[in-house]
Amino acid sequence: MQVHADQTVTLSCKYKGSGNQDTLYWYRQFPGSRPENLLIVYPEAGPEIQERFKATANKMLVDLIISSTAVSDSALYYCALRPTVTETHQTLY
């Protein structure tokens, strides 16, 4: 998707959840980097907002709204119904 600077863009993701206890995740991945958790969305709790990023959800659709877009927003964005990016810590001796 091509977007110009200082626009508002909406990315939509359809999902089929198990009910009101669904937890949705928006991730962002910059080229050559690991995915990072951008927002966690609880549909029953209303919109989730973090600076220029806002996520809204209903029973079948979760939107990520990015306002005042900038070149630094260029990345891969994806959604998930469950946490898919996890980190395991292990001490090596």
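The values are calculated or read from the model by the stated rules, or taken from the named source; none is laboratory data. These numbers come from a predicted model, not from an experiment. FYI the Cβ positions are ideal-geometry reconstructions off the backbone, even for glycines, and counts take in every protein chain you see.
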Self-check item: Top-ranked residue of the range 2-16 - restricted to ones that are part of a loop (DSSP other than H, G, I, E, B) and within 16 Å of the chain's Cα centre (by Cα), ranked as surrounded by the fewest Cβ atoms within 10 Å (Cβ to Cβ)
Solution: THR8
Quiz item: Can you tell me which residue in the range 28-68 is farthest from TYR78 (Cα to Cα), limited to those that are touching a residue at least 40 places away in the same chain (Cβ under 8 Å) and among the aliphatic types (A, V, I, L, M)?
Solution: MET60
Quiz item: Does at least one position in the range 38-58 carry a residue that is at pLDDT below 90, part of a loop (DSSP other than H, G, I, E, B), in contact with a helix residue (DSSP H, G or I) (Cβ under 9 Å, 6 or more places away or on another chain) and crowded, with 17+ Cβ neighbours inside 10 Å?
Solution: no
Quiz item: Taking the stated definitions as given, is LEU76 under 11 Å from the mean Cα position of the chain (by Cα) and at pLDDT below 90?
Solution: no
